[in-house]
Amino acid sequence: DAGVIQSPRHEVTEMGQEVTLRCKPISGHDYLFWYRQTMMRGLELLIYFNNNVPIDDSGMPEDRFSAKMPNASFSTLKIQPSEPRDSAVYFCASSPGTGGRDTQYFGPGTRLTVL
Amino acid sequence: GDSVTQMEGPVTLSEEAFLTINCTYTATGYPSLFWYVQYPGEGLQLLLKATKADDKGSNKGFEATYRKETTSFHLEKGSVQVSDSAVYFCALSDLGTYKYIFGTGTRLKVLA
């Protein structure tokens, strides 16, 4: 299996621009998670989906952030407009959802820099 | 709510030294416990896990035992290598949820 795929790996943008991060989960996995990692706040769960439906978005920092999962093989995290404080590494992870408390498989991350 | 507390890093050791990274948790239910490792520039990878009390997870020479009485899941390795240099995260996932609660991570640096 190819593992969780994220693109782009690096993104540099200017404040105010729209940013879209992409994720392809492992085939057959029912759960998809978006995380943000910073030095100050560590690893934060932003949102997660089950069978393409958002289940818990309580970690989304504000209305500038939105996430979608139009089908089982693709998800996006969008920031509009972006701000310098959004600079972080964003990870996508998926899990099979076979019975709860499953292993999560992480992608390589997207390093976002907002100037 | 549920939480995970890890020892502060960085931890610096010489090659072949013994490693312990402490992890304690609080949970309302009966969680599964995990250790993940993050190498520079990469995503997190599962290192080991345990799903019930007294279970021992092990992988690549690392071990951790689920201690319900002390609510702990300390990571140990008898002889570290330079290639073990990474950030280690303790995490829990409680029964009935698919969410993880992660600790803040502990950076390990192993010197040759």
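The values are calculated or read from the model by the stated rules, or taken from the named source; none is laboratory data. Remember, it's a predicted structure, so these values are computed and weren't measured experimentally. Backbone-built Cβ (ideal geometry, glycine too); neighbour counts: all protein chains shown.
Which of (1) within 12 Å of the chain's Cα centre (by Cα); (2) under 23 Å from A:Gln37 (Cβ atoms); (3) modelled with pLDDT of 95 or more does B:Leu92 not meet, given it meets every other one? In the conditions (1) within 12 Å of the chain's Cα centre (by Cα); (2) under 23 Å from A:Gln37 (Cβ atoms); (3) modelled with pLDDT of 95 or more, B:Leu92 misses (3) alone.
Quick one: how many residues across the stretch B:16-44 are part of a loop (DSSP other than H, G, I, E, B), more than 13 Å from chain A (Cβ to nearest Cβ) and either under 15 Å from the mean Cα position of the chain (by Cα) or at pLDDT 95 or above (or both)?
4
Taking the stated definitions as given, is B:Val4 β-branched (Val, Ile, Thr), part of a strand (DSSP E or B) and surrounded by 17 or more Cβ atoms within 10 Å (Cβ to Cβ)? Yes, satisfied. Here the strands (runs of 3 or more DSSP E) wholly within the stretch A:41-115 that include at least 2 residues being among the small types (Gly, Ala, Ser), within 11 Å of the chain's Cα centre (by Cα) and within 14 Å of chain B (Cβ to nearest Cβ) are A:88-95.
In the set (1) in a loop (DSSP other than H, G, I, E, B); (2) charged (D, E, K, R); (3) closer than 27 Å to A:Ser7 by Cα, B:Lys52 fails one condition alone, (3). Picking from residues in the stretch A:34-46 that are surrounded by 19 or more Cβ atoms within 10 Å (Cβ to Cβ) and modelled with pLDDT under 95, the one that is farthest from A:Lys78 (Cα to Cα) is A:Leu43.
B:Leu46 meets each of the listed conditions (1) without any contact (Cβ under 8 Å) to a residue 60 or more places away in the chain; (2) closer than 16 Å to B:Thr20 by Cα; (3) hydrophobic (A, V, I, L, M, F, W, C) apart from (2).
Kindly indicate whether any position in the stretch A:95-102 is modelled with pLDDT of 95 or more and not aromatic (Phe, Trp, Tyr). Scanning the stretch A:95-102, I find no residue that is modelled with pLDDT of 95 or more and not aromatic (Phe, Trp, Tyr), so the answer is no.
Of all residue pairs spaced 6 or more apart or on separate chains, those with beta-carbon atoms under 6 Å, a first member in the stretch B:21-43 that is more than 21 Å from B:Gly1 (Cβ to Cβ) and a second member that is polar (S, T, N, Q) are B:Ile21/B:Thr106; B:Val37/B:Gln45.
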